[in-house]
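For reference, the structure discussed in these notes is given below.
The values are calculated or read from the model by the stated rules, or taken from the named source; none is laboratory data. Because the structure is a prediction, the values reported are computed rather than measured. FYI the Cβ positions are ideal-geometry reconstructions off the backbone, even for glycines, and counts take in every protein chain you see.
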Amino acid sequence: MIYLDYAATTPMSDEALATYTEVAKQYFANTMSLHDMGTKANDLLNFCRAKLAKAINGDPDGVYFTSGGSESNFLAIEGLARGNRNKGNHLITSHGEHDSIINTFKKLETEGFDVTYLDRQIDGIVRLDDIIPHLREETILVALGHVNSEIGAIQDIEAIGSELFKRNILFHCDVVQSFGRLPIHVNTMHISSLSISSHKIYGPKGVGACYIDPSLTWEPLLPNSTHEKGFRAGTINLPGIASFITATEAIFKTMTNELERMKELRKLFIENLKDLNQPFVIEGEEETTLPSTLAIRVNKIEGQQLMLACNQLGLAIATGSACHSGHHAPSSTLIAMGRSKDEARELVRLSFGKWTTKEDIRQAASRFREAVNRCLNHV
């Protein structure tokens, strides 16, 4: 099986797995325990906190370890919205964001917050000019993903963050898809809070982090919690956190070279589709798309049908949209970009990773072409 679904999840690296095993054996004490073994575990936790802060150019006091990107999103957004409600009740996000963001805003609407959901431009990007007309005196927070998970569109976070900072509006950024692939600097980008997931960068599942600028006010979801300075409840997963940091250090060492290699792989796959006997569309503009992500629509073939045909041929890709109770939902990102529901259902997503080779790409393109032919023969 050729695996081209790295945007969904990645296998653990050998070094991350080795760290997990070592820490689970040697640092198993609860970080909140007052005995020497607890102190030893807590020292390692603080070491990991400092390492992650350095990776995003932030303050260690703003790093909170969580179960992943989804929990980080709702804890940060809810915490900041509630903690700053005295300043206003208007929030802004965009259609096509991760479900954990959309569902958090839907929940906040039931609590009296007023939410504006922005559409996207034809290339999948929400630009500063799209946001400014919707800013109000009572706007307190804007939440956007750095890289869209369905098509890989890259937002100009620095431009947006700088303008929001001037207006004293908080800015939450989901960097789950970009962390370890694009540089992130919370200060120069004026990011108030962000979310990270370990299993997207060859670390373990069930681990992630949230960063909140220590100067900001936030309200905890569950009052009187003791772990992570009250940010969340539950005993810290120290082996997972240490493994996550090992994966972080490894991916940052190769980030620049991998970015260039991904560009080559993406270009190679597209070149190998030139003789595809069915019209297709590459979603997103090359210069503003994460090169490890390739979103494709093949005319008149549903993404789910194509994904299943690829799977039968030994190629693992994603549909780019959710499948709920057997219903193939259209891509929310493409709908926000102005595509029709039928067009949005055509989307499939291929995503490359550290173990993807040029030979993988050539074989994958061949299997993709065959899958398209099989789908056409069944239409």
Residue check for I196: in a loop (DSSP other than H, G, I, E, B), closer than 29 Å to D5 by Cα and touching a strand residue (DSSP E or B) at 6+ places or on another chain (Cβ under 9 Å): no
Test: residue in the range 230-239 that is of a type in the set (A, V, I, L, M, F, W, C) and out of contact with any Leu (no Cβ under 8 Å at 6 or more places or on another chain): no
S100 being polar (S, T, N, Q) and farther than 15 Å from H172 by Cα: no
The range 354-379 residues that are acidic (D, E), paired with ones that are in a loop (DSSP other than H, G, I, E, B) (beta carbon under 8 Å, 6 or more apart): D360/L4; E370/L313
I191 being in a loop (DSSP other than H, G, I, E, B), at pLDDT 95 or above and either crowded, with 20+ Cβ neighbours inside 10 Å or charged (D, E, K, R) (or both): yes
Count - residues of the range 225-263 that are of a type in the set (S, T, Y), part of a loop (DSSP other than H, G, I, E, B) and in contact (Cβ under 8 Å) with a residue 12 or more places away in the chain: 3
Checklist (1) touching a residue at least 12 places away in the same chain (Cβ under 8 Å); (2) farther than 30 Å from M262 by Cα applied to T110, failing item: (1)
Residue check, D61 at pLDDT 95 or above, under 30 Å from P291 (Cα atoms) and acidic (D, E): no
Yes/no for K229 being surrounded by fewer than 22 Cβ atoms within 10 Å (Cβ to Cβ) and either over 22 Å from the mean Cα position of the chain (by Cα) or more than 30 Å from F28 (Cα to Cα) (or both): yes
Strands (runs of 3 or more DSSP E) wholly inside the range 272-379 that include at least 1 residues being surrounded by fewer than 22 Cβ atoms within 10 Å (Cβ to Cβ): 280-283
Residue within the range 14-30 that is touching a strand residue (DSSP E or B) at 6+ places or on another chain (Cβ under 8 Å), of a type outside the set (K, R), touching a residue at least 12 places away in the same chain (Cβ under 8 Å) and assigned by TED's automatic domain parsing to the domain that holds A153 present: no
All positions within the range 161-188 that are part of a loop (DSSP other than H, G, I, E, B), surrounded by fewer than 17 Cβ atoms within 10 Å (Cβ to Cβ) and out of contact with any helix residue (DSSP H, G or I) (no Cβ under 7 Å at 6 or more places or on another chain): R167, N168, P183, H185, N187
Qualifying residues in the range 215-243 (those that are of a type outside the set (G, A, S) and in contact with a His (Cβ under 9 Å, 6 or more places away or on another chain)) - the one modelled with the lowest pLDDT: T235
Residue match in the range 162-171 (condition: in contact (Cβ under 8 Å) with a residue 40 or more places away in the chain and closer than 24 Å to F65 by Cβ): yes
Odd one out for F105 among (1) of a type in the set (F, W, Y); (2) touching a residue at least 40 places away in the same chain (Cβ under 8 Å); (3) closer than 15 Å to L170 by Cβ: (2)
Search result, residues across the range 14-31 that are part of a loop (DSSP other than H, G, I, E, B) and surrounded by 13 or more Cβ atoms within 10 Å (Cβ to Cβ): Y27, A29, N30, T31
Close pairs from the range 60-86: first among the charged types (D, E, K, R), partner surrounded by fewer than 19 Cβ atoms within 10 Å (Cβ to Cβ), Cβ under 7 Å, at least 6 apart: D61/P214; E78/L221; R82/E219
Helices (runs of 4 or more DSSP H) completely within the range 42-160 that count 1 or more residues being crowded, with 24+ Cβ neighbours inside 10 Å: 69-83, 99-109
